[in-house]
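Working notes, beginning with the structure itself.
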Amino acid sequence: MDEPFQINGVRIEATFAEAFDMKATRLIVTAADRQWVAAAAAAMTGFGTSVIGCGIEIAVERELGTAETPDGRPGVAILAFAVSGKEMEKQIVGRAGQCILTCPTTAMYAGIEASDAKSDKRIPLGKSLRYFGDGHQISKVVQGHRYWRIPVMDGEFVCAHEVPRIEGVGGGNFIMLGKSRQAVSTACRAAVDAIRPLHGCITPFPGGATRSGSKVGSKYPALPASTNDAFCPTLRTSVASSALAADEAVAMEIVIDGLSDDAIATAMRVGIKAACHADTGGGLLRITAGNYGGKLGRHHFHLAEILK
Amino acid sequence: MLELRHEPDQDVDASALTLRALAACRDANQVQRITLRCGDQSRELGELFTVTPSSARHELRICGDLKRFHRLGAEHRGGRFLIEGDVGHHAGAMMSGGELLISGSAGDFLAAPLEAQRAGMAAGRLWVEGSVGHYAGHRMRRGEIMIQGAAGDFLASHMIAGTILVAGQVARHCGYAMRRGTLLCDARPTLSETRFSAPVESQSPFFTLLAKAISSWAETQLPQPFAGKKVSELLAQIANRGYQSIRGDFAVGGHGEILVPLKR
């Protein structure tokens, strides 16, 4: 059985985060300059914080230099996670069409190599968007990969025909508890800044963190999830199951989606350590993690194991 | 590896000389007994070539002045077919995969259909260090043809799709009845003003992608005595400086494109 321990005076609970199988993919977006890249990426990843209400969790994984992109222009890698392949396809095609195709000077490529040419797990990109060319689109095959060149008002929109869909993991998490919003915000930002350079994972919530951590179920039948009352400070005396200690006034949660268990474990370790060493003036008190008793998700990240 | 003993006194139909046929042979003796039509006679391979076994499993290498050998690489499907020397007509006819590399020049109908077939090259990469004759890429459906030297008349005629690059001069009637596909040339060819559009300047990130792929392949996969520099330079100019794009052939409702780099 794990025992609680401390990092830099911050108590680490003997618990685990419970995460889930998800469908994942990576896209590469390039443009003529960083400004257009940023605009396209912001549009593509907007309203993509949680599968509960947005249908997809999507964010920039990292910036790419000109030596790292297929066409030698500035770019970003974007990771996306969804519960089903069907939803993934609907979201990616819609976003690509409305947010990347529309943005001046962009191009879009697959960020995952196909491991099995005969697999049917593909998300259409240019395969769907090519019709916008109204018959004037051009298909080219380079090294076995098909690309579409779609005429638009600034020249051509170049787009990969499709991108592979792979298995990913969603819902890795840790919850930070402290004395004040300022202290916990400082810890959050330190954690997110430390996670940001890592490959293979994203923190899809605004600023990388959420304050509306949820529990499964609701008194309202229509809602699949509702506020995590165990960590709500205003309910500490109203609910029997409050998980807050007397000196804990605020909780914030960082959720991590990744392409592998290792990617999530690494992000949790790096993030938790950065939070514990952030300058919160002793305001960060405890770190725990959210789970459902291990009954729903098959990916378990024990804090003691990750941080040893 | 096959080395030509001496130039034949009649034209040879070399279409039976394929990687598949050689791979099916148990040993060098069996290879030597493969027969080729030489004029109106049949001759064994061993009479025409010295046969040396090679450890390269998916490669056939032939050396010599093969100008009288026609249909070399016809219907080539996979692996590498490497020819050190000049070749005759119909080299790479209807090839559908793999690589055909020719260190010299080729005759007419490079990668074109044979007999009454309506479709030419369907896939693969065909590289010619020298020049090619007339009707190169005729009825091409897919794949890449790269020519370091010049091309004769009717280059890319009736082209359906695919990519052809010619680093040298291009002769008359290029793109005749082309439907789609991309032809990249170093200089603007003479084209009918009614069948082809006026040139439009443009630039596309696609050609940087293509240039990177071709130059990476040329640097790592192209063996001696191939150099590949002119094709890589043509592509780099188109990628970096932009190009003039000419569309046609309107006489057949074609949407093919002929691209020429912008010169600065």
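The helices (runs of 4 or more DSSP H) found wholly in region A:27-132 and carrying at least 3 residues that are more than 13 Å from chain B (Cβ to nearest Cβ) and open to solvent by 30 Å² or more (accessible area, probe 1.4 Å) occupy A:34-45, A:85-95. When residues of region A:143-188 are filtered for being under 30 Å from residue A:115 (Cβ atoms), assigned to a strand (DSSP E or B) and within 14 Å of chain B (Cβ to nearest Cβ), how many remain? Qualifying residue count for the region: 11. Mind checking whether some residue in region A:235-249 is closer than 19 Å to residue A:6 by Cα and open to solvent by less than 20 Å² (accessible area, probe 1.4 Å)? Looking for residues that are closer than 19 Å to residue A:6 by Cα and open to solvent by less than 20 Å² (accessible area, probe 1.4 Å), one finds at least one in region A:235-249, hence yes. Among the residues examined, residue A:274 qualifies as open to solvent by less than 30 Å² (accessible area, probe 1.4 Å) and modelled with pLDDT of 95 or more. You will find that of A:48, A:94, A:55, the residue that is in contact with a Cys (Cβ under 7 Å, 6 or more places away or on another chain) and of a type outside the set (A, V, I, L, M) is A:48 and no other. Restricting region B:167-179 to residues that are without any contact (Cβ under 8 Å) to a residue 24 or more places away in the chain and more than 25 Å from residue B:236 (Cβ to Cβ) leaves a set whose member that is farthest from the other protein chains (Cβ to nearest Cβ) is B:172.
Looking across region A:173-220, the residues that are in contact (Cβ under 8 Å) with a residue 60 or more places away in the chain and small (Gly, Ala, Ser) come down to A:178, A:180, A:183, A:185, A:187, A:190, A:191, A:194, A:200, A:213, A:214.
Considered as a group, the residues in region B:199-221 that are open to solvent by less than 10 Å² (accessible area, probe 1.4 Å) and modelled with pLDDT of 95 or more include one that is farthest from the other protein chains (Cβ to nearest Cβ), and that residue is B:207. Within region B:116-165, the set of residues being away from chain A (no Cβ under 14 Å), in contact with a helix residue (DSSP H, G or I) (Cβ under 8 Å, 6 or more places away or on another chain) and among the aliphatic types (A, V, I, L, M) comprises B:147 only. When residues in region B:180-198 are screened for being within 13 Å of chain A (Cβ to nearest Cβ) and over 16 Å from residue B:144 (Cα atoms), 1 of them pass. Residue-level analysis places residue A:204 outside the set of residues that are open to solvent by 60 Å² or more (accessible area, probe 1.4 Å) and part of a loop (DSSP other than H, G, I, E, B). Just one of the numbered conditions (1) open to solvent by less than 20 Å² (accessible area, probe 1.4 Å); (2) under 23 Å from residue B:21 (Cβ atoms) is not true of residue B:130: (2). The C-beta contact set for region A:282-308 (first residue more than 15 Å from residue A:174 (Cβ to Cβ), second residue open to solvent by 30 Å² or more (accessible area, probe 1.4 Å) and part of a helix (DSSP H, G or I), distance under 9 angstrom, 6+ apart or interchain) comprises A:283/A:182; A:283/A:186.
The values are calculated or read from the model by the stated rules, or taken from the named source; none is laboratory data. Here the structure is a predicted model, which is why all the values come from computation and not from measurement. Here the Cβ is made from the backbone with ideal geometry for all residues, glycine too, and neighbour counts use every protein chain on show. Just so you know, the surface numbers come from the protein's heavy atoms only, side chains and all, with ligands and any DNA or RNA stripped out. Shrake-Rupley method; radii C 1.70, N 1.55, O 1.52, S 1.80 Å.
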